[in-house]
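Report on the structure given below.
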Amino acid sequence: MTNQTVEQLLALRLPAMAGEYRRQREMPAMDSLDFDTRLGMITDAEWVARINQRTKKLIKEAGLCASNALLGDLDYQPARKLNKAQVARLSDFAWSRDAKNIIITGATGTGKSYLACAFGAEACRLGIRVKYHRASLLLAELSAAYSDNRMNEILRRLNKADILILDDWGLSSINTLQSRALFEVFESRIGAKSCVIAAQPPVSKWFELFEDATAADAIMDRLVFSSYRFELQGPSMRRRYGLRAEDVVEESDGIGTDLI
């Protein structure tokens, strides 16, 4: 009878329930628990397994450079100027539901990418869709799509993500074609979707990145003025934790998947 029940649960695609049912049958001490308690434990096992499976899928689809980043592991040493209260307030992701943005700036190695990925990974754990892009690679893709009249296709794909993470923003200038394509991205997300931007240049220098001043005005208006900001300071986190070159994400401020 036990084997038949397990097989039926597996046929119904309830493997966690089947596993918990089998575990309980193999433990004589379970006989001391009432039926409702044991049924609750079996149901909880399937519920937790499905949440974990969904989270794993969302994190994989997000493509984060530090997929194991955790808000709970952030380093709040005073030199970093990382506001713990602000992180705590933003951890409920009301800002995402309200289509607000987060901007993280600071010198190389200060942990901008890690902080962005920590927000991204936490969002995935809450069932929020996230997509990570290096700004330079996305800009190249956008300019090609703009030239080939494929922007609608790109926008549909990008807008599947509730939170779009753009890392290494501002490492190179943004030409006119890229500016116009980028404007389309932010215009399509305003009031509906959120962005997290990690950049070395301070926001005050962003206007200078654009060759097209008109597009720069429009993009800055849509992106910057509805954003929460982190301005990270202090010494390089790579140097602090003694990371080797192979431990660091290439061309990124990520500082590994298990630190800060």
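Checked against the criterion of being over 17 Å from the mean Cα position of the chain (by Cα) and loosely packed, with under 15 Cβ neighbours inside 10 Å, the candidates Ser136, Ser147 yield just one match: Ser147.
Please enumerate the residues belonging to region 79-92 that are part of a loop (DSSP other than H, G, I, E, B), touching a residue at least 24 places away in the same chain (Cβ under 8 Å) and either buried (at least 18 other Cβ atoms within 10 Å of the Cβ) or among the charged types (D, E, K, R) (or both).
Hits for region 79-92 are Lys81, Leu82.
Of everything in region 48-78 that is surrounded by 14 or more Cβ atoms within 10 Å (Cβ to Cβ) and of a type in the set (Ser, Thr, Tyr), the residue that is modelled with the highest pLDDT is Thr55. The set of residues in region 99-125 being in contact with a helix residue (DSSP H, G or I) (Cβ under 9 Å, 6 or more places away or on another chain), among the hydrophobic types (A, V, I, L, M, F, W, C) and at negative phi consists of Ile102, Ile103, Ile104, Leu115, Cys117, Ala118, Phe119, Ala121, Ala123, Cys124.
For region 160-173, does any single residue satisfy the condition of being in the same structural domain as Thr110 (by TED's automatic domain parsing), out of contact with any Leu (no Cβ under 9 Å at 6 or more places or on another chain) and part of a helix (DSSP H, G or I)? No - not one qualifying residue is present in region 160-173. Screening region 110-133 for residues that are touching a Gly at 6+ places or on another chain (Cβ under 7 Å) and not in a helix (DSSP H, G or I) and picking the one that is surrounded by the fewest Cβ atoms within 10 Å (Cβ to Cβ) gives Lys131. Taking the criterion of being touching a Phe, Trp or Tyr at 6+ places or on another chain (Cβ under 7 Å) and either part of a strand (DSSP E or B) or within 22 Å of Gln233 (Cβ to Cβ) (or both), the residues of region 196-220 that qualify are Val196, Ile197, Ala198, Ala199.
The values are calculated or read from the model by the stated rules, or taken from the named source; none is laboratory data. These numbers were taken from a predicted model, which means no experiment stands behind them. We place every Cβ from the backbone using ideal geometry, glycine too, and count neighbours over all the protein chains shown.
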